[in-house]
Amino acid sequence: MTKTARVYKIERIIRNRGHISFQALIEELEVSPATLKRDLAYLKDQLGAPIEYDRDLNGYRFGQPFRGETHELPGLWFSEHELYSLLMANQLLSELDADGIISRHLQPLLDRIHQLLGPDEANAASLLERVRIINSARRPVPGKFFELVVEGLLQRRRIRMRYLTRSRDEISEREVSPQRMVHHRNTWYLDAWCHRSAGLRRFALDAIAHAELVDARAKEVGRKTLQAEMDAGYGIYAGAKRLWATLSFDAHAARWISQEEWHREQKGRWTEDGRWELQVPYTDETELVMDILRHGGQVKVLAPASLQQLYVQRLREALAAQAGEA
């Protein structure tokens, strides 16, 4: 039995029976006297349980909580392993954090988990030191905008913002109804209904120059509509017209590419010559071409012709730049 389970059981036994002797607790829990003493001290000193020893009853009971406050043990339905898992989840979330916003809101929960772990906290700290998450090319989001977008999502309010469209190097005024947040390749995006263009758009949070909440109810877009328009193609780019790319990877690359998920609707098959043929839907070729270029001489673009031509063009430009001809 784990320490968390023992502490919870001690609490339950005393509440149900009113009082219990030290020896009876040892027999119930099947632990040593030293372990039981540590558990009782932990309940009292770390978790604030008003446990006291009653000489007349020759047992432990609950006294009056401090200043009439009620006592309970929130979170004790978690085992140590589950608490460690929560710490790991917090560690992962902290790597996605925008200016410490997520970590700040989770800090009370984190403090409580450490308190529940008690003497095992050293093991938790050691565990987190052995986990390293590397985020390359991270694009930080100003905390004030991240928090404002979250507030707009939760309160279902519109957001007015000045937004930089990088492809045109143009700042425009937008009023949007937030639908969901997306984390993709080390930065955050907002999927929203844009009232200026009357359609769904995806906005990079790090490209927001100014934002404020508007006292107007956000337009609701159905989940299926949102997924159909924003998740239809490869990567972060969204669009209405969807094309299919057919890629052929050589036998060496196929060993790991066959295990990768490029898109939830992708199709793959092994060919007779040991190559892996992958078909993925896309609506914008920009990000797809960048990822194909990562595999260089290990991949061929079979279709469509427009994607094949763009891939060859990018390869030639790269060779020319390397040779100093561009």
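Some values worked out for this structure:
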quantity	calculated
Net charge, W244 excluded, C-beta distance under 11 Å - Lys, Arg +1, Asp, Glu -1	+1
Extension gain from Q107 to R223, taking 0.36 nm per residue of separation minus the Cα-Cα distance	38.6 nm
Calculated FRET efficiency for the pair S172/A89, C-beta based, R₀ 56 Å, to 0.05	0.90
Neighbour cut-off at most 13 other Cβ (10 Å), DSSP loop, GluC sites (Glu not before Pro), the range 264-326	E272, E325
Part-to-part distance (alpha-carbon centres) for the range 269-315 and the range 3-33, which is given in Å	64
Residue among I159, H184, T225 farthest towards the positive dipole end of the range 143-230, charges placed on Cβ	T225
FRET efficiency estimate (nearest 0.05) - Cβ-Cβ, R180 to R12, R0 45 angstrom	0.65
Least to most buried among M181, M230 (fewest other Cβ within 10 Å first)	M181, M230
Residue exposure sequence - D45, D284 - by fewest surrounding Cβ within 10 Å	D45, D284
Charge tally in the Cβ shell below 14 Å around G268, where Lys, Arg are +1 and Asp, Glu are -1, G268 excluded	+1
Alpha-carbon Rg/Rh ratio, for the range 131-290, with Rh computed the Kirkwood way	1.05
Around R17: net Lys/Arg minus Asp/Glu count, Cβ-Cβ under 11 Å	+2
Per-residue ³J(HN,Hα) for the range 204-221, Karplus 6.51 cos²θ - 1.76 cosθ + 1.60, θ = phi - 60°, Hz, x for Gly and Pro	7, 5, 6, 9, 7, 8, 7, 8, 8, 6, 10, 7, 9, 5, 5, 6, 8, 10
Cβ-Cβ FRET estimate between A321 and Q259, R0 fixed at 35 Å, reported to 0.05	0.60
Sorted by Cβ neighbour density within 10 Å, fewest at the top, the residues V141, V312	V312, V141
Cα centre as origin, Lys/Arg/Asp/Glu Cβ charges: the range 143-230 dipole, Debye	260
A24 versus M290: modelled label distance in nm, points set 7 Å from Cα along the beta carbon direction	6.8
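Here, each number is a calculation from the coordinates, and none is a lab measurement. None of the values given here were measured: they were computed from a predicted structure. With ideal geometry, Cβ positions are generated from the backbone for all residues, glycine too; neighbour counts draw on all protein chains shown.
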